[in-house]
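> I have a structure here, written as C-alpha cells, and I will follow up with some questions on it.
All of the numbers you see were taken from the coordinates with simple rules; none came from a lab. Remember, it's a predicted structure, so these values are computed and weren't measured experimentally. For neighbour counting, all protein chains shown are included, and Cβ atoms are generated from backbone atoms with ideal geometry for every residue, glycine included.
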Amino acid sequence: MHWKHQIAALCFLAFSAYLMWDSWNNMEYYTPLGPGAGFFPFWLGALLGGLGIVWLVQVSRRSGNTEEGPSLPPRGGIVRILSIIVSVAAVSALMDLLGFQLTMFLFMIFMLMILGRQTIWTTLIIALVCSVGVYHVFGRYLDVQLPAASLAFLARLGL
Amino acid sequence: MDVIQNLLMGFSIALTAQNLLLAFIGSLLGTLIGVLPGIGPAAGCAMLIPLTFQMGPTGAIILLTSLFYGTQYGGTITSVLMNVPGEAASAITCLDGYAMAKQGRAGVALSIAAIGSFIGGTFATIALVFAAGPLTRWALEFGPVEFFALIMLGISLVSGLAGKSLIKALMMGIFGLALAMIGIDPIRGSPRFTFDRVDLMDGIGFVPVIMGLFGLAEILENAERPFAQMVLARMSTLIPTRQDIRDSVGPILRGSFIGTALGLVPGITNSASSFLAYVAEKKASKHPELFGTGMIAGVAGPETANNAHANGALIPLFTLGIPSSPTIAVIMGAFMMHGLIPGPLLFKEHADVAWGVIASFYVGNVILLILNLPLIGIWVKILKIPYGILCGIIMAFMILGAYSVSNSAFDVAVMLLFGVVGYLLRKFDFPLAPIVLTLILGPLMERSLRQSLEISQGSFGIFFSSPIAVVLLALAVLFLIAPAFKFFRKGKVVMSGDGEAA
C-alpha cells in the first residue's frame, strides 16, 4: 500500500521540476551584478527534487505491510469535505458579484442547516449576525470595507 | 542612577488617571483585535491613529503601544480554543494549545499564556531600560552577510520541528521557501510564479496561507466524522497545577530571552520569535516526541517570546528610530504626527514622553494580566457551543479574515487551496510548522543572500569573511547535522519517512 506515498513523492518531484524549469527558462539566473531572480528558486527546486527522490526511494524500498498510508475517509466524510470545499470556492467566486451579506448569509445557511443540522431559528439568527451584522460592524466601526453586490438590483436592495 | 530617576519620573507620568485609562482601553481593544482574525496589530494601530489627534503625544503613544501588545495575547485565545490563529505569531500555539483544550485544559493554557506574556513583556521592557544601548550597537554591525547567516540559523531550526522525519521537515521547509518566492523579485523587480495575476504580484498572503494550513485543514479533517460526534475542547480548571508551573518556568525564561533578542533585529517578525521559541522548547525537552499533544512548554515558550518580542521590538525604535516591523512603523508614524522623532534625541529633547511611555509598558503589562486572567472564564465558554454551530462561525471568521487582509476574494481562494494542501499533507504526516517558518524567513534570506553576493561579485567567500557570520553558519550546520548524528549513534529511523505532523 505504499503506492499512495509514491504518488505523493512524484507530486513533489513534479513541483520541483516546475520550479527549476520556470526559473531557468523565464527568469534571469545570473546577472553581471550577481544572482538573478531565478537563482534562488532554481536551487530550491533542485533541493526539493533531491529530497523527493530520497523519500521516493525510501517508501519504495519498504515492504508493503509496514505502512498502509493515509486511509480514505468514509463516504459521508468525503461528501462533507467536498461540500465545504465547494461552498468556500463558491463564496470566493460569488462574493464580489452578490456582495458579502448575501453570499455569507447563503454560506452560513448551508453550513449550519445542511452540514451542522441546526434548527431553522438558530440558523437564521447566526446567519444574519455573521452576514448583515458583521458587514455593518466591520464597515462602520472597524473600517474594514466588505464588498457590496455588483449586480444592480441587489445593490439597490442595499446588499 | 540616572536610569532609575528617569524611570521614576516616567512612572509618575504613566500612573496618572488619564494614562492608566488609555493603557486599559488599549489593552482591551488590542485583545479584541487579536481575537478577530484578519485585523492585525498594524491595522488596529492605524485605525486608532485618527482618534489620537486630540490627545497629547504621551497619551497617544501609550494607547497605541498598549493596543499593540494586547493583540499579542488576544491572538492566543482563538489559537487555543478554536485552532484558528488570531494573529500570525500565535499560529504555533495551536499545536499544543488546542491539544490542551481538547484535554479540558484550555483554561490552564490561557492562564500560562497570560502569565508568560506578562513576564516576557516585563523582561523586554527591563531590557529596553538597561541594555538598549549596547544591544542596538551590536545589532547595527549586521550587514547582509551576518543577516543571511542569522536567517540560515533560523531556518536550520526546522530540524527541531521535524518530529521523526527530518526529510519531510526539510521538504516542507523548502516548500515554504518556494511559496515565499511568489511575487515581485525583491532585487530586480521582475515577477516570479505570478501566472500574470495581479493578485500575486505582492506575493502570497501569509494570513490566508496559515489560516488554510492550520484552520481549514483541521475543519476538513474533523468533517471526516459527522459533526454531532465531534468531541469539543473541554475546560475543567483555570488554575495551573504545581507541575504545570514547574514545567513553564524554563520555557518562560527562554522565551523572554529569545523574544527580546529577536525583537532587536529589524525585519524579524514576532512570528519568527514564537516559532523559534517553540523549536527551542522542543530541543530542550526530555520528551520532544510529545510536542503537539498538549505540552505546556509548547504554549508557555512561544507565548512569552511573542510578547517579549512585541516589547523588545520597540528598543530599536526608541534608541535608533528604526521600525522593526510594520506595526512599529505605524507607531513611529504616530510619533511623527505628534511632532516627535524617535531616536537618541528623543531621550534628550522629550525625556518626559520617552520615559512616560516606557514606564507605561510595565503598567500595561500588569493591566493585561489583571484583565486577561478573569476574562479567561468568559472566553472558554465558547467551548460549550455545539460543533455544528461553532464550525460555521469559525468558517465565517476565517473567510472574513482571509478577505480583509487585502480586501480580495482571491485570498479566500488562497486559503481554500492551502486548506486542501494542509489536509493532504496532514494525511501523509508532513509537519506543517516548517512551511510557516520558512515562508516568513524566505524573503529575508533571499534578499540578504543576493545582496551579499552582489557585494562580493558572486564570491561565496564573503560568508567566511565575517566572524559573526562564521559562528552563526557553523551553528546552523550543527543544528542540521545533529539529527544525522543521532541516527548513527542510536540507530533510530530518524531520517525515515515516518513522522508526526506538527
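> Taking +1 at the Cβ of each Lys and Arg and -1 at the Cβ of each Asp and Glu, which of B:ALA305, B:HIS287, B:THR319 sits farthest along the dipole of the range B:282-360 towards its positive end, judged by Cα position relative to the Cα centre?
The residue sitting most towards the positive pole is B:HIS287.
> Relative contact order for the range B:161-201 using alpha-carbon pairs under 8 Å, separation at least 6, rounded to a whole percent?
Answer for the range B:161-201 is 25 percent.
> Using the structure shown, list the pairs from A:LYS4/B:LYS283; A:LYS4/B:LYS102; A:LYS4/B:LYS427 with a Cα-Cα distance above 22 Å, or answer none.
A:LYS4/B:LYS283; A:LYS4/B:LYS102
> In terms of modelled amide H atoms, which long-range or inter-chain residues lie less than 5 Å from the amide H of A:THR31?
A:GLY36
> Averaging sequence separations of C-alpha pairs under 8 Å and six or more residues apart, then dividing by the length of the range B:293-444, give the relative contact order as a whole percent.
For the range B:293-444, the relative contact order is 9 percent.
> Considering Cα pairs under 8 angstrom that are at least six residues apart, work out the relative contact order of the range A:75-156 and quote it in whole percent.
Relative CO of the range A:75-156 lands at 36 percent.
> First measure r as the distance between the Cβ atoms of B:ASP196 and B:LEU20, then evaluate 1/(1 + (r/R0)^6) with R0 = 41 Å and state the FRET efficiency to the nearest 0.05.
0.15
> Still on this structure, I have one more. Test of understanding: ordering A:ASP22, A:ASP143, B:ASP411 by Cβ neighbours within 10 Å, fewest first, what list do you get?
A:ASP143, A:ASP22, B:ASP411
> Further, regarding this structure: Is the shape of the protein assembly as shown best called rounded, prolate or oblate, per the rule: a/c under 1.5 gives rounded, else a/b larger than b/c gives prolate, else oblate, with a ≥ b ≥ c the square roots of the Cα gyration tensor eigenvalues?
rounded
> Under a point spin-label approximation (7 Å from Cα along Cα-to-Cβ), what is the B:ILE378-B:LYS348 distance to one decimal in nm?
4.7
> Can you sort B:LEU264, A:LEU51 so the residue with the fewest Cβ neighbours within 10 Å comes first?
Lowest to highest Cβ neighbour count: A:LEU51, B:LEU264.
> Taking the square root of 5 times each eigenvalue of the Cα gyration tensor, what semi-axes in Å does the equivalent ellipsoid of the range A:96-159 have, largest first?
Value: 22, 14, 9 Å, ordered largest first.
> Rounded to the nearest 20 debye, what is the charge dipole size of the protein assembly as shown about its Cα centre when +1 sits on each Lys and Arg Cβ and -1 on each Asp and Glu Cβ?
Approximately 1580 debye in magnitude.
> For the pair B:PHE464 and B:MET9, what calculated FRET efficiency results from E = 1/(1 + (r/R0)^6), where r is the Cβ-Cβ distance and R0 = 56 Å, to the nearest 0.05?
Calculated value: 0.70.
> Now for a different question. With a ≥ b ≥ c the root eigenvalues of the C-alpha gyration tensor of chain A, is it rounded (a/c under 1.5), prolate (a/b larger than b/c) or oblate?
Since a/c reaches 1.5 but b/c is at least a/b, the shape of chain A is classed as oblate.
> Evaluate E = 1/(1 + (r/R0)^6) for B:THR293 and A:GLN145, where r is the Cβ-Cβ distance and R0 equals 30 Å; express this FRET efficiency to the nearest 0.05.
With R0 = 30 Å, the Cβ-Cβ based efficiency is 0.10.
> Once you have a ≥ b ≥ c as the square roots of the Cα gyration tensor eigenvalues for chain B, tell me rounded if a/c is under 1.5, and otherwise prolate or oblate according to whether a/b is larger than b/c.
rounded
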